[in-house]
1. Across the stretch 174-196, what is the number of residues that are open to solvent by less than 20 Å² (accessible area, probe 1.4 Å) and either of a type in the set (Phe, Trp, Tyr) or outside any strand (DSSP E or B) (or both)?
2. In the list Glu82, Glu71, which residue meets the criterion of being at pLDDT 85 or above and surrounded by fewer than 13 Cβ atoms within 10 Å (Cβ to Cβ)?
3. Quick check: is even one residue across the stretch 242-260 in contact with a strand residue (DSSP E or B) (Cβ under 8 Å, 6 or more places away or on another chain) and among the hydroxyl-bearing types (Ser, Thr, Tyr)?
4. Among the listed residues Ser234, Ser167, which satisfies the condition of being within 29 Å of Gln278 (Cα to Cα), modelled with pLDDT of 90 or more and over 29 Å from the mean Cα position of the chain (by Cα)?
5. Criterion first (at positive phi and among the acidic types (Asp, Glu)) does Asp307 satisfy it?
6. How many residues does the stretch 224-248 contain that are in a loop (DSSP other than H, G, I, E, B), open to solvent by less than 70 Å² (accessible area, probe 1.4 Å) and farther than 12 Å from Ile201 by Cα?
7. Looking at the stretch 143-158, can you tell me whether even one residue there is at pLDDT 90 or above and of a type in the set (Val, Ile, Thr)?
Amino acid sequence: MADVVNVGVNLDAFSHAISGIQALRSSVSRVFESLKDGMKNRETLEGREKQFIAEFQDNLQAVNRDLNELERLSGLVGRPSESHPLHNSGLLSLDPVQDKTPLYSQLLQAYKWSNKLQYHAGLASSLLNQQSLKRSANQMGASAKRRPKVQPSTLVLPPQYVDDVISRIGRMFPDMTIELFRPNGTSAVLLVTLGKVLKAIVVMRSLFIDRTIVRGFNENVYSEDGKLDIWTKSQYQVFQKVTDHATTALLHYQLPQMPDVVVRSFMTWLRSYIKLFQSPCQRCGRFLQDGLPPTWRDFRTLEAFHDTCRM
């Protein structure tokens, strides 16, 4: 007999149990084959009945013998150990249909990712604690002579400067049309038309982007009063996804001291959607997944990914 491994299952008995299951299935199949054939191919009626009963009894005895053997082997197999890495969630690994319900593998991947995150967070915390931010005694004594706090001046840029930055960005991308509106005075609202793919409404506060709404090229971007509609979402799911990714891009591109670089970087990222329906996913290689094209664009390489493939 083979040694019992740490999972608590006797592998030798398990192998014999599988063979016992196959033998039981064969004997049961012979019973039904005998019932299907009946009493044909016999010379006399009495001979056919005796022969049929004898064969049927032999087949039933074989089934009973194989069933008893399987019950005996099942007692030798043992029970699997309950010390799973994810406790009771480890029972999901016993699911035989892994292709349809890969829950356990996904849980393991999330568990490993969480451990890595905790490890790197601990390293970052130790490094930050080494950099002391405490002020010296001389600086604390000179607190009364501290200079007044200077208010940031980049929040209030002249409209002429904003218009100049937007016009220079428009000249950088010939396939992108940028129209500038000022419905409420100094705050600018941009209507960006990217080829014949999409239209994006970019709401700005001075030279800082507040929000972005992306709609299809054939969708109406104006409200009933003739102003740009900055609230209504697109009726297409693909452009709703792009809107969510654009909001994420606004959080990624943050450089308060150089807002013109932020706007230029965001417009460069938005222009990568010029081939929204033509670029395959860089990971799976497919054009469609769940009926949607690759809607995610990498912030550095601008490569196309499906929303689930980018993880």
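1. Counting residues in the stretch 174-196 that are open to solvent by less than 20 Å² (accessible area, probe 1.4 Å) and either of a type in the set (Phe, Trp, Tyr) or outside any strand (DSSP E or B) (or both) gives 1.
2. Values: Glu82 fails: at pLDDT 85 or above.
After ruling out the rest, the residue left standing is Glu71.
3. Yes, the stretch 242-260 has at least one match.
4. On the way: Ser234 fails: over 29 Å from the mean Cα position of the chain (by Cα).
Unique residue meeting the criteria: Ser167.
5. On the way: at positive phi: no; among the acidic types (Asp, Glu): yes.
Criteria not met by Asp307.
6. Final tally of qualifying residues: 1.
7. Taking the stretch 143-158 first, the residues at pLDDT 90 or above are none.
Among the residues of the stretch 143-158, not one is at pLDDT 90 or above and of a type in the set (Val, Ile, Thr), which makes the answer no.
The values are calculated or read from the model by the stated rules, or taken from the named source; none is laboratory data. If you're wondering where the values come from, they're calculated on a predicted model, not measured in any experiment. Backbone-built Cβ (ideal geometry, glycine too); neighbour counts: all protein chains shown. Only protein heavy atoms, including side chains, enter the accessible area calculation; ligands, DNA and RNA are left aside. Shrake-Rupley method; radii C 1.70, N 1.55, O 1.52, S 1.80 Å.
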